[in-house]
1. Do any residues in segment 117-140 that are touching a residue at least 40 places away in the same chain (Cβ under 8 Å) and within 13 Å of the ligand (Cβ to nearest atom) have Cβ atoms under 7 Å from those of residues that are in a helix (DSSP H, G or I) and charged (D, E, K, R), where the two are at least six apart or on different chains, and which pairs are they?
2. Would you tally the residues in segment 85-101 being crowded, with 17+ Cβ neighbours inside 10 Å and either within 30 Å of residue 187 (Cβ to Cβ) or touching a Lys or Arg at 6+ places or on another chain (Cβ under 7 Å) (or both)?
3. Got a sec? Which of 94, 81 is more than 16 Å from the chain's Cα centre (by Cα), of a type in the set (Ser, Thr, Tyr) and more than 20 Å from residue 21 (Cα to Cα)?
4. Does residue 139 fit the bill of being over 16 Å from residue 191 (Cβ atoms), in contact with a helix residue (DSSP H, G or I) (Cβ under 9 Å, 6 or more places away or on another chain) and either at pLDDT 95 or above or not hydrophobic (A, V, I, L, M, F, W, C) (or both)?
5. Within segment 147-170, restricting attention to residues that are aliphatic (A, V, I, L, M) and more than 8 Å from the ligand (Cβ to nearest atom), which residue is farthest from residue 188 (Cα to Cα)?
Amino acid sequence: MKRNDLEPTRLSSGGWRLLLENVRLATARLELRPPTLDDAQAIFSGYAQDREVTRYLVWRPHSNLEETRMFLQSCLDGWASGSELTWAITLAGSGDLIGMVASGPCGHKADLGYVLARPYWGNGYMTEAVSAVIEWLFSVPEVYRVWAVCDTANLASARVMEKVGMTREGLLKRWNVHPNVSSEPRDCYVYARVR
Ligand SMILES: CC(C)(COP(=O)(O)OP(=O)(O)OC[C@H]1O[C@@H](n2cnc3c(N)ncnc32)[C@H](O)[C@@H]1OP(=O)(O)O)[C@@H](O)C(=O)NCCC(=O)NCCS
């Protein structure tokens, strides 16, 4: 990704600009980096076509590689415009891509979404990745609230949010359509961490 691709339009404040110069995040076991189009195969074969992984997500499993490439192009566009900041989660050492975390900044708030390939579930990886992104977001002076929702049946996701210090604020009735479960809007929990 060229440096100019990271110039924000929505994120025009000094805090965001400084932060966007350093978007690679390292944790004990992981490296988070902006994705590239070359990640398409790893994402497609790793989790994007997995019905179990996508069960409680707002998108349907990808049926071909081109669909994944189009998604990745939207990730690049999101970084360029500042509307959606998406990180590929990779294993430190091997560099293998195992999932993604995304955040949509909006004024003093930023939301979160995340997904991990099934073989890596249950090892604390997403807790580690989301913690790093929250810390990164809160290093922007303008950000006071990081929030996310999950289907009330998505217990693993709810637990991740608890483990990263988010608080369940309430139940949003009929909040999201999760098309792999039902075409009807589903109830979701809303979690947030504020400072
Ligand atoms: C949700 C998801 C990201 C969790 O990733 P992960 O790396 O396995 O998460 P962690 O290991 O950090 O933590 C998972 C926690 O949920 C718990 N958990 C997992 N399945 C559970 C279940 N069915 N019921 C209750 N708790 C469950 C784990 O025990 C663990 O908690 P613990 O450390 O207290 O034991 C992963 O399951 C995933 O990608 N799911 C599909 C996509 C998705 O749903 N994304 C979120 C959309 S809101």
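1. Close Cβ pairs satisfying both conditions: none exist.
2. 10
3. Of 94, 81, the one residue that is more than 16 Å from the chain's Cα centre (by Cα), of a type in the set (Ser, Thr, Tyr) and more than 20 Å from residue 21 (Cα to Cα) is 94.
4. On the way: over 16 Å from residue 191 (Cβ atoms): yes; in contact with a helix residue (DSSP H, G or I) (Cβ under 9 Å, 6 or more places away or on another chain): yes; either at pLDDT 95 or above or not hydrophobic (A, V, I, L, M, F, W, C) (or both): yes.
It is true that residue 139 is over 16 Å from residue 191 (Cβ atoms), in contact with a helix residue (DSSP H, G or I) (Cβ under 9 Å, 6 or more places away or on another chain) and either at pLDDT 95 or above or not hydrophobic (A, V, I, L, M, F, W, C) (or both).
5. That would be 164.
The values are calculated or read from the model by the stated rules, or taken from the named source; none is laboratory data. All of these numbers come straight from a predicted model, not from anything done at the bench. No Cβ is skipped: glycine too gets one built from the backbone with ideal geometry, and neighbour counts run over all protein chains shown.
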